[in-house]
Amino acid sequence: MGKLDVASGEFWMESPWESKGNNLSAFERNRILLNTRDGSFVDVSHLTKADLDSDSRSVVAGDFNHDGMEDLIVRNTGGGPLFVFENRFPKKHWLRVSLRGVRSNSLGIGAKLKLEAGPHTLWRELYPGNTFLSQMPSQVCFGLGDATRVDRLTIFWPSGEHQVLEALPVDAHVRVTEGEDSPQRIAPGKGPLADASRVSP
Amino acid sequence: MSKLDAAGLAPDDPTRSSRAKKQAAGRLMIAVVAIIVLVGGGVLAGKVWLGKIDGVSALRTSSHPPAESAPSPTKPKIVSAPVETSTLCTEDKQFLWDVEHVAFVMEQKALPVLKQAIVEADRATLASFLAEGFEGSLPGGEWTTAHSDSVIEIRRRDPTAGARWAGATEFVDEVLAWRGLLDEGSRGCQAEIGLVRLSPQRRGEFAGPWSSLWRVRLAGRRDRALVEVSFRARLKLGPVGEDLGSRRGWIQSATVESLQAAKGKEPLFADVTDATGIATWQMHDNWRGTGKSPGGTGGVYLGDIDQDGNLDLLSTDVTYGFTLYCGTENGVFLDVTDQAGIPRMPPRPDVPGAHACLADLDGDGDEDIVLQANVYENIGGRRFRDVTSLCNLQIKDPSAIVVADYDRDGRIDLYETHHHAPSYRQAGQPPRKCAWIDGGFGYSNILWRNVGNWQFEDVTDRAGAAGNGGNAFTAVWLDVNNDQWPDILSINEFGCNALLINQRNGAFRQNEDLDPIFGGFSMGVAAGDYDNDGHTDIYVANMYSKAGNRILANVDRAAYPPTLYAKIAEATTGNKLYRGLGNGRFEVVAAEKALREIGWTYGPAFVDLNADGLLDIYSTAGFISYQRGKPDG
């Protein structure tokens, strides 16, 4: 058979950690898989334009512009170190929940949340996951689709208590305190950390 | 003459790390490495791994075993555990090399011409690749809708619903009809052909017919809409070799096994990076050619430091250090690092890494920060106080720090995972084992129990929470058996992942059922309930490569003990979605329901992108990219 084509980069001999110019699982696109409700996913990567072919390592999600839709931050080792992607899916209804533990830990880490809205029941666990060199926020975002009301939110606190709330707004971020019936609505504002940017410590 | 000889590579060429491993582990290790590099290693990332480091020594030493070397004076002696070993004979190895060479020639010389012909709808050039008497099998049924909403339409044609045979002209017409779903010209369409399989039909008969599997993707636009057409085709080829670039007529038949067309009205995400104020120019980028190409360059950690409803971002970077960004109402991030009292550069330059976590460690209701080996107390959401000297945590070279209250005492505990470097406890001690396929370096994870007042107790041993030393990139906390006690899944680069079930008494018991055969060279993990059945599911990012799958398909499976072959095969299949059954057990979701062939993947996310109440998946991928147009593995 033919000779090794060194000039074209065939079969290189260095450590992948100290590579000097040869591809290794290169230009692979990040993939976005959309849940189709029937237990399967479809690949919509190209349709999102968030299918970077950078060397990506981490992704975290949060609503940075307060439109209720989850935006993304993607961190790469190469090909642009960081990208912020603003969500442009059609706007839907939503409820974002932060927790305040009393008997439980202060941010309710480990709580299980069950939300009922019309025919749909949603289940989430509150863990600020580190999927790789990253951390998700300590909050839970429920996408409600076209539902305009939440029938019931049940919180199974780490303390063992469970709490049922029925009077909940939609398109809102609320903080639920363990044992208190009325959730506090969180309107994004300017907190003390922003002030710190203008004031010397 | 082997290709290695042709390259003039000396057997002592391997890198420092591989040399150290070889010296320390002796023949046993080499035998294992031979398997992994020649099969698993190639499987990991493609042919580039074939020639990688250990492969050189392994290939040579398998026929010329070296004398036992004394352990390196600078490295601890590695204690090897008994592992199942086998290796390929020289002829088998040569066969794999040679087939991969043909794949290389095809990727470099022939496929670019084909791709260009598709993009340009060049009927004559496309037809020239088809042999006289070509037979094609096309999906005969109608397009059916796999998913449709107000902005997305996914249509498929299922070949199993009926196929029709076509001659060369009709086959080319059909492919160009799919091409016609996109705008004309290279601005409207880009083509990719992934070479997933390539084998001589009779082993070793290079001059005879070949079989191949291609993954073809056409992506671009149609007017304003985004369009992607993708199909897989199984091909029979005539003799293929060095002259693939100049010779035509070697595709004898093609059977299209799947066909999908995706259309989106407009991009579903917009890159707004520049408008956010995040200083990406102060972040390491391997593509900028700084000379160093670390496998991980930095992290992104989200929290709400001042609880104002805006998410704040802690950014770490191996070159530029730390930046704390304050989120604002309009999506702009303000750099508050200095004012908040977070050091821009590591306080201890001797502590490498970009690892951090946000957690309320003192229980006062706001998120404190662990940054490398240092701990910072959140003071009123306005600034941070360095409390490292008050805190007895000994975080050292972790791969991740993940938070939970595992004993449900109201205090946040930390789970520190370890990959390539030991924790404080094992620093300077010999790793427990060093087998590649299902071993790892043996560095255990650490469970830190928060006892209050910035004091933590290392309860790893008592809790049985060390994991199995298989090079954990990270871990997730989740409740796998619906008892509301946090369990741990620590994912391993090598071997099976460690699922640790909380026994509600401070101890964990490892569930061995999650990966009965092998994990999948796991690099990232997310947990979430994608089907809303109340049972948390798991998505694990594993390695997958086209080249690796090609190589494995050409391996004589009889060369391996069945259990070892099964592990290698399992290790090549890509990402895994595990559907939770709620009793601590999981089932792996079939590939047709959740794409597994993504690539060399790292941290994924479960996130509801379209706010329909169902968790979707974002999976990162790509290891090291340098030159477009070159073989990409």
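The values are calculated or read from the model by the stated rules, or taken from the named source; none is laboratory data. Only a predicted model underlies this, so the values are computations on that prediction, with no experimental measurement involved. Using ideal geometry, Cβ is built from the backbone for each residue, glycine included, and neighbour counts are taken over all protein chains shown. For accessibility, only protein heavy atoms count, side chains too; no ligands or nucleic acids. Shrake-Rupley method; radii C 1.70, N 1.55, O 1.52, S 1.80 Å.
Could you tell me which numbered condition B:Glu457 fails, if it satisfies all but one of (1) acidic (Asp, Glu); (2) modelled with pLDDT of 95 or more; (3) not in a strand (DSSP E or B)?
Against the list (1) acidic (Asp, Glu); (2) modelled with pLDDT of 95 or more; (3) not in a strand (DSSP E or B), B:Glu457 comes up short only on (3).
Name every residue in region B:548-593 that is in contact (Cβ under 8 Å) with a residue 24 or more places away in the chain, within 23 Å of A:Val42 (Cα to Cα) and at the interface with chain A (Cβ under 10 Å from one of its Cβ atoms), in order of residue number.
Correct list: B:Asn575, B:Leu577, B:Arg579.
Residue check, A:Arg103 against (1) closer than 27 Å to B:Ala475 by Cβ; (2) buried (at least 21 other Cβ atoms within 10 Å of the Cβ), all met but one. Which one?
Tallying (1) closer than 27 Å to B:Ala475 by Cβ; (2) buried (at least 21 other Cβ atoms within 10 Å of the Cβ), A:Arg103 fails exactly one: (2).
Select from region A:35-57 the residues that are within 7 Å of chain B (Cβ to nearest Cβ) and in a loop (DSSP other than H, G, I, E, B) and list them in ascending order. Walk me through it before giving the result.
Just the residues of region A:35-57 that are within 7 Å of chain B (Cβ to nearest Cβ), to begin with: A:35-37, A:39-44, A:46-50, A:53-57.
Across region A:35-57, the qualifying residues are A:Thr36, A:Arg37, A:Gly39, A:Ser40, A:Val44, A:Lys49, A:Ala50, A:Asp53, A:Ser54.
If you take the residues of region B:342-365 that are crowded, with 20+ Cβ neighbours inside 10 Å and either at pLDDT below 95 or not aliphatic (A, V, I, L, M) (or both), which of them is farthest from B:His420 (Cα to Cα)? Break it down stepwise before answering.
We begin by selecting, within region B:342-365, every residue crowded, with 20+ Cβ neighbours inside 10 Å; these are B:342, B:353-362.
With the extra rule that they be either at pLDDT below 95 or not aliphatic (A, V, I, L, M) (or both), the set shrinks to B:353-355, B:357, B:360, B:362.
Values: B:Gly353: 11, B:Ala354: 14, B:His355: 14, B:Cys357: 19, B:Asp360: 28, B:Asp362: 30 Å.
The residue in question is B:Asp362.
Are any residues in region B:529-543 more than 7 Å from chain A (Cβ to nearest Cβ) and either over 19 Å from the mean Cα position of the chain (by Cα) or farther than 17 Å from B:Arg585 by Cβ (or both), and if so, which ones? Show your work before the answer.
From region B:529-543, those more than 7 Å from chain A (Cβ to nearest Cβ) are B:533, B:535, B:537-543; that's our starting set.
Passing the criteria: B:Asp533, B:His535, B:Ala541, B:Asn542, B:Met543.
Check B:Asp487, B:Asp483 and return the single one that is of a type in the set (Asp, Glu) and open to solvent by 20 Å² or more (accessible area, probe 1.4 Å). So that I can check it myself, show each step before the final result.
On the way: B:Asp487 fails: open to solvent by 20 Å² or more (accessible area, probe 1.4 Å).
Every option except B:Asp483 fails the conditions.
What strands (runs of 3 or more DSSP E) completely inside region B:374-430 contain at least 3 residues that are open to solvent by 10 Å² or more (accessible area, probe 1.4 Å)? Even if it seems obvious, please write down each step before you answer.
Working: elements: B:374-379, B:383-386, B:400-404, B:413-417.
So the answer is B:374-379, B:383-386.
If you scan region B:315-329, which residues turn out to be more than 7 Å from chain A (Cβ to nearest Cβ) and not charged (D, E, K, R)? Before you say what the answer is, go through the steps one by one.
Residues of region B:315-329 that are more than 7 Å from chain A (Cβ to nearest Cβ), as a first pass: B:315-325.
Correct list: B:Ser315, B:Thr316, B:Val318, B:Thr319, B:Tyr320, B:Gly321, B:Phe322, B:Thr323, B:Leu324, B:Tyr325.
Scan region B:253-286 for residues that are at the interface with chain A (Cβ under 7 Å from one of its Cβ atoms), under 26 Å from the mean Cα position of the chain (by Cα), within 30 Å of B:Arg156 (Cα to Cα) and touching a residue at least 12 places away in the same chain (Cβ under 8 Å) and jot them down.
B:Ala262, B:Pro267, B:Leu268
Got a sec? Which of B:Gly208, B:Gly180 is over 25 Å from B:Leu552 (Cβ atoms), small (Gly, Ala, Ser) and free of Cβ contacts under 8 Å to residues at least 60 places away in the same chain?
Details: B:Gly208 fails: over 25 Å from B:Leu552 (Cβ atoms).
The unique qualifying residue is B:Gly180.
Give me the strands (runs of 3 or more DSSP E) completely within region B:492-590, filtered to those with at least 2 residues that are open to solvent by 30 Å² or more (accessible area, probe 1.4 Å) and at pLDDT 90 or above, ordered by residue number. Spell out the reasoning first.
Values: elements: B:498-502, B:508-511, B:522-528, B:537-542, B:576-580, B:586-588.
Ranges flagged: B:508-511, B:586-588.
Please state which one of B:Tyr406, B:Tyr415 is farther than 14 Å from B:Thr474 by Cα, in contact with a strand residue (DSSP E or B) (Cβ under 6 Å, 6 or more places away or on another chain) and not basic (Lys, Arg). Before you say what the answer is, go through the steps one by one.
On the way: B:Tyr415 fails: farther than 14 Å from B:Thr474 by Cα.
The match here is B:Tyr406.
Looking at A:Thr121, A:Thr177, A:Thr148, which is the one that is of a type in the set (S, T, N, Q) and at the interface with chain B (Cβ under 10 Å from one of its Cβ atoms)? It would help to see each step written out before you state the result.
Values: A:Thr177 fails: at the interface with chain B (Cβ under 10 Å from one of its Cβ atoms); A:Thr148 fails: at the interface with chain B (Cβ under 10 Å from one of its Cβ atoms).
After applying the criteria, what remains is A:Thr121.
Pick from region A:71-98 the residues that are open to solvent by less than 10 Å² (accessible area, probe 1.4 Å) and assigned to a loop (DSSP other than H, G, I, E, B): which of them is farthest from A:Ala26 (Cα to Cα)?
Checked region A:71-98; the qualifying residue farthest from A:Ala26 (Cα to Cα) is A:Phe89.
Run down A:Asp67, A:Asp71 and say which single residue is over 22 Å from A:Val164 (Cβ atoms), touching an Asp or Glu at 6+ places or on another chain (Cβ under 7 Å) and more than 7 Å from chain B (Cβ to nearest Cβ). Break it down into steps so the answer makes sense when it comes.
On the way: A:Asp67 fails: touching an Asp or Glu at 6+ places or on another chain (Cβ under 7 Å).
Going through A:Asp67, A:Asp71 in turn, just one is over 22 Å from A:Val164 (Cβ atoms), touching an Asp or Glu at 6+ places or on another chain (Cβ under 7 Å) and more than 7 Å from chain B (Cβ to nearest Cβ): A:Asp71.
Give just the number: which of (1) surrounded by 21 or more Cβ atoms within 10 Å (Cβ to Cβ); (2) free of Cβ contacts under 8 Å to residues at least 12 places away in the same chain does B:Gly303 not satisfy?
Answer for B:Gly303: the failing condition is (2).
Table: residues versus (1) farther than 22 Å from A:Ala61 by Cα; (2) hydrophobic (A, V, I, L, M, F, W, C); (3) touching a helix residue (DSSP H, G or I) at 6+ places or on another chain (Cβ under 8 Å); (4) modelled with pLDDT of 95 or more.
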| residue | (1), (2), (3), (4) |
| --- | --- |
| B:Glu367 | no, no, no, yes |
| B:Leu390 | yes, yes, no, yes |
| B:Val403 | no, yes, no, yes |
| B:Arg411 | yes, no, no, yes |
